[in-house]
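What follows is a single structure, written as structure tokens, with notes after it.
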Amino acid sequence: MLHRKQSKNGLRMVLEEMTSVRSVTIGIWIEAGSRYESPQLNGISHLIEHMLFKGTENRNAQEIAEAFDAIGGEVNAFTSKEYTCVYAKVLDTHKEMAIQVLADMLHGSLFDPHELEREKKVVLEEINMTEDMPDDIIHDLLSEAVYVDHPLAYPILGSKENVSSFTREDLLAYKKRYYTPENMVVSVAGNADKSFLDKVEGYIDINTNKGALPQLQTPNFHVNQIRKTKQVEQAHVCLGYEGIPVTHRDMYHLLVLNNVLGGSMSSRLFQEVREKLGMAYAIFSYHQAFMDSGLLTIYAGTAHQQLDLVCEKMDQIIQKLHSEGIHEKELENGREQLKGILMLSLESTNSKMSRNARNELLLNRHPSLDETMNEIDQVNQKKMNELIDRFRQGKSASAIITSK
């Protein structure tokens, strides 16, 4: 059973009861990510996420970690392009303690200057680690190629120069602007009833008014290429095609199409390039849906001397989609696969917490599982073949990392 509540200050809360489990997952979601940053502030959302763990008026960093370790729980956080999330998973008997500590991190973090300087070094090492992982950094390069100077092109981690320059005052000003009740969703899933939302409201008690947030500019898709030379053992390539926003009515059609193209082991890309030709260990596709746009990405890693051949083969597979369309068996398998992935994921309190939070934050509605299954059942060949038109020659952007 799903419960929703909105406090007078604008804070939105959603709770899904799961009486068959003994855990509770609580997530605090803030509409603040790299998309909301200026070039000078790129990386600040992610650094604030780190600093939430570095001590409050009531607990130092070690005591925050010990609070969850001592009860066998877990606490973590992540930053994306459009939001930040801090979450904890605990036994149902410790759920009030969990929201109390999370609220303390949210409200009472000190952003101590000495801790800030130490944590900057941690984030700089995270940037270094990412730069040593070409199969990771290439996706940032593709975003840069596609979105150019739009904030969606910015890397979530920011640059070393930016991270090194941020001051405590910078972080506090940004947090004051975005960490406001109308800009937040608290999502709870697990063995808790709707009365727990009263506890949540009591701890997440922010009385500040929401500031004037910037108007998001819809990005343009650029047919563009970025090529980077780096001493790597493999060549890495990403192709990007214009996708659709998270609210688009054809979302499930595109997700099934992605499964057929490269989203599974039975997909055309995987079967042709890896299984039949043995030209890549990793090859896959995925779709990112933003509030007002989307990006479908194809990735492959291969030997340097095979790069042109792999790119040619990927293009042939895409063109074959245009000439043949989607086969009936692929459509049926794709629909069932998507339903299976969704239903199996919802056996986890973490997944339900995340799904409900995204629905509240991005859709402002909560489709039932039956409604979602029905929508997937309505996916048809005609609409999918229309979507294939997005993936034609001359409509893609690309990013390449190679040693040559």
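The values are calculated or read from the model by the stated rules, or taken from the named source; none is laboratory data. The model shown is predicted, which means the values in this text are computed figures rather than measured ones. Cβ atoms come from the backbone with ideal geometry, glycine included; neighbour counts cover every protein chain shown.
If only one of 120, 89 is within 21 Å of residue 187 (Cα to Cα), crowded, with 18+ Cβ neighbours inside 10 Å and of a type outside the set (Gly, Ala, Ser), which one is it?
Checking each option against the conditions leaves just 89.
Sort out which residues of the stretch 65-90 are part of a loop (DSSP other than H, G, I, E, B), in contact (Cβ under 8 Å) with a residue 24 or more places away in the chain and not hydroxyl-bearing (Ser, Thr, Tyr), and write them in order of number.
Residues satisfying the conditions are 71, 73, 81, 82.
Scan the stretch 8-22 for residues that are surrounded by 14 or more Cβ atoms within 10 Å (Cβ to Cβ) and out of contact with any Leu (no Cβ under 9 Å at 6 or more places or on another chain) and jot them down.
Result: 9, 10, 11, 18, 21.
Mind checking which residues of the stretch 240-267 are part of a strand (DSSP E or B) and under 27 Å from residue 340 (Cβ atoms)?
The answer is 241, and nothing else.
List pairs: first in the stretch 373-386 and under 15 Å from residue 261 (Cβ atoms) and in contact (Cβ under 8 Å) with a residue 40 or more places away in the chain, second among the charged types (D, E, K, R) and assigned to a helix (DSSP H, G or I), Cβ under 9 Å, 6+ apart or cross-chain?
Listed by first residue and then by second, the contacts come to 379/335; 381/328.
Check the stretch 291-307 and report whether any residue there is hydroxyl-bearing (Ser, Thr, Tyr), surrounded by 21 or more Cβ atoms within 10 Å (Cβ to Cβ), farther than 17 Å from residue 397 by Cβ and not assigned by TED's automatic domain parsing to the domain that holds residue 133.
Within the stretch 291-307, one or more residues are hydroxyl-bearing (Ser, Thr, Tyr), surrounded by 21 or more Cβ atoms within 10 Å (Cβ to Cβ), farther than 17 Å from residue 397 by Cβ and not assigned by TED's automatic domain parsing to the domain that holds residue 133.
Quick one: in the stretch 149-191, of everything that is acidic (Asp, Glu) and assigned to a helix (DSSP H, G or I), which residue is surrounded by the most Cβ atoms within 10 Å (Cβ to Cβ)?
Within the stretch 149-191, the match that is surrounded by the most Cβ atoms within 10 Å (Cβ to Cβ) is 170.
If you go through the stretch 317-327 one residue at a time, do you hit one that is modelled with pLDDT under 95, part of a loop (DSSP other than H, G, I, E, B), crowded, with 21+ Cβ neighbours inside 10 Å and outside the structural domain of residue 135 (by TED's automatic domain parsing)?
yes
Among the residues of the stretch 41-64, count how many are within 10 Å of residue 158 (Cβ to Cβ) and not in a loop (DSSP other than H, G, I, E, B).
Going through the stretch 41-64 one residue at a time, the tally reaches 5.
Which residues, counting only those in the stretch 254-299, are of a type outside the set (S, T, N, Q) and more than 25 Å from residue 329 (Cα to Cα)?
279, 280, 281, 289, 290, 291, 292, 294, 295
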